């Protein structure tokens with residue numbers, strides 16, 4: 001459409017012309033990118049995990065390079081990629097505990113949890129650990145699906161409470177656990193997070209999934225203050 005309208009088109013990615021991703025490799029908990037194209041060759045260490053983060057970063061760089069300021073300093077644009085931070089609650093890096101990476105993600109549906117765990121697997125030289133639960137008064141059919149996905153893709157699974165709302169929390173957990181043999185059940189979400197962090201070692205990756213950026217937990221008709229970010233940061237500080 002843009003070409004038909006006579007507008008310039010810049011493409012990025014594996015087949016990009018403006019910015020081509022020639023190679024990508026995991027480098028610790030980051031990604032080493034070899035780039036070439038209209039702006040020369042560049043090697044970038046992107047401090048984000050997941051292939052989609054690479055795609056987003058290259059599009060962002062392409063947009064900046066389409067401006068006069070960006071075009072005047074392409075080296076500066078690519079260098080800036082090494083200082084990017086993710087969207088809050090989406091594969092968000094919170095910190096490290098004894099050499100293990102800790103992240104928070106909003107994944108609360110089966111396909112989202114599968115995508116997150118699949119994306120994180122290449123970064124786990126050790127174990128991939130997943131802490132999650134399912135919300136109450138919502139799609140009950142997804143509970144065993146998410147349990148099965150976590151059991152298949154993660155090495156260690158801790159099932160906990162999400163937002164139980166009006167449902168019995170133990171019934172929600174039971175539905176997940178029925179499809180996740182070997183998973184650990186810890187009802188209290190804060191304690192589940194702390195337990196996961198205490199067990200981390202070098203090369204492990206922990207993702208606390210389901211609530212992301214949320215700052216409350218809905219129990220019954222009350223919303224109680226709760227932040228995965230805050231609890232995870234505190235647990236990391238205790239571990240160190």
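Some points to look at:
- Single unsatisfied condition, residue 28 versus (1) within 30 Å of residue 126 (Cα to Cα); (2) modelled with pLDDT of 95 or more: (2)
- Residues of segment 87-134 classified as over 25 Å from residue 169 (Cα atoms) and free of Cβ contacts under 8 Å to residues at least 12 places away in the same chain, total: 2
- The listed residue being closer than 15 Å to residue 84 by Cα, surrounded by 14 or more Cβ atoms within 10 Å (Cβ to Cβ) and in contact with a helix residue (DSSP H, G or I) (Cβ under 6 Å, 6 or more places away or on another chain), out of 49, 59: 49
- Filter result for the condition that a residue is touching a strand residue (DSSP E or B) at 6+ places or on another chain (Cβ under 9 Å) and closer than 30 Å to residue 215 by Cβ, over 50, 62, 16, 37: 50
- Once segment 214-240 is narrowed to residues that are loosely packed, with under 15 Cβ neighbours inside 10 Å and in a loop (DSSP other than H, G, I, E, B), the residue that is modelled with the lowest pLDDT is 240.
- Whichever residue in segment 135-156 is under 16 Å from residue 171 (Cβ atoms) and in contact with a strand residue (DSSP E or B) (Cβ under 9 Å, 6 or more places away or on another chain) and, among such residues, is modelled with the lowest pLDDT: 138
- At least 3 residues being farther than 28 Å from residue 153 by Cα is the threshold, and among the helices (runs of 4 or more DSSP H) wholly inside segment 26-139 those reaching it are 51-65, 68-72, 74-80.
- Scanning segment 167-201 for residues that are in contact (Cβ under 8 Å) with a residue 40 or more places away in the chain and either in a loop (DSSP other than H, G, I, E, B) or surrounded by fewer than 17 Cβ atoms within 10 Å (Cβ to Cβ) (or both) yields a total of 4.
- Breaking point among (1) at pLDDT 95 or above; (2) closer than 30 Å to residue 176 by Cα, for residue 59: (2)
The values are calculated or read from the model by the stated rules, or taken from the named source; none is laboratory data. These numbers come from a predicted model, not from an experiment. Using ideal geometry, Cβ is built from the backbone for each residue, glycine included, and neighbour counts are taken over all protein chains shown.
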